[in-house]
Amino acid sequence: MAIDKPQKIETSPHRGAIEAKILQGDSYQSIANWCKDSLDMDISHMSIKRFADKHGLNVKRDTGVVSGLSDDDMQAIVDERDSPLCVDIPTFKDDSELKDFSHRTVKEIYAYQLAVVKHKMLAYMQGKGRYPQNEIAGLKTILACLGGLTDGKDKIIDDDK
């Protein structure tokens, strides 16, 4: 039975390895499983979470969120056409060509986001990652944008174009 005390981690010779796993964003359950299987240390995922909370490790965890570009960086990209981050904006002969491009692009974005959610959900279900709350929120945002852009009349996802 797991001893539900964060002090068990504090006095463990494996504290550094446990802290490293917390900081790299491993799920508390996967850390608990690793402790039991690899270290013969029976400790609950909640004890690991309480330890992380107590020592401020929870706010330092690698959540996969990266900082974006500053406004100045973005303006430099816009001003410099040869930048590797510069995006060539396509031109269209007519509205039909624009609509076809929009359908393909939105379908790709939707498919990529679904793949991300599926991958992260499977990892979570195996105890190897966090619940994909942000990714699901992103998927909901994409779907809301689709509804707002198409007013639900365009059948952008169901259309076979």
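The values are calculated or read from the model by the stated rules, or taken from the named source; none is laboratory data. Here the structure is a predicted model, which is why all the values come from computation and not from measurement. Quick reminder, even Gly has a Cβ in these numbers, built from the backbone with ideal geometry, and neighbours come from all protein chains shown. Remember, those area values only see protein heavy atoms, side chains included, never the ligands or the DNA or RNA. Shrake-Rupley method; radii C 1.70, N 1.55, O 1.52, S 1.80 Å.
Restricted to the range 134-156, and to residues that are more than 30 Å from Arg61 (Cβ to Cβ) and open to solvent by 70 Å² or more (accessible area, probe 1.4 Å), which residue is modelled with the highest pLDDT?
Applying the filter and picking the extreme gives Leu149.
Which of the residues spanning the range 97-120 are of a type in the set (A, V, I, L, M, F, W, C) and within 16 Å of Tyr131 (Cβ to Cβ)?
Val116, Val117, listed by residue number.
Looking at Gly56, Gly25, which one is assigned to a loop (DSSP other than H, G, I, E, B), in contact (Cβ under 8 Å) with a residue 40 or more places away in the chain and not assigned by the TED database to the domain that holds Pro132?
Gly25
With respect to Val78, is the statement that it is among the aliphatic types (A, V, I, L, M), in a loop (DSSP other than H, G, I, E, B) and at pLDDT below 80 true?
no
Scan the range 87-133 for residues that are part of a loop (DSSP other than H, G, I, E, B), open to solvent by 70 Å² or more (accessible area, probe 1.4 Å) and modelled with pLDDT under 85 and report the count.
Qualifying residue count for the region: 4.
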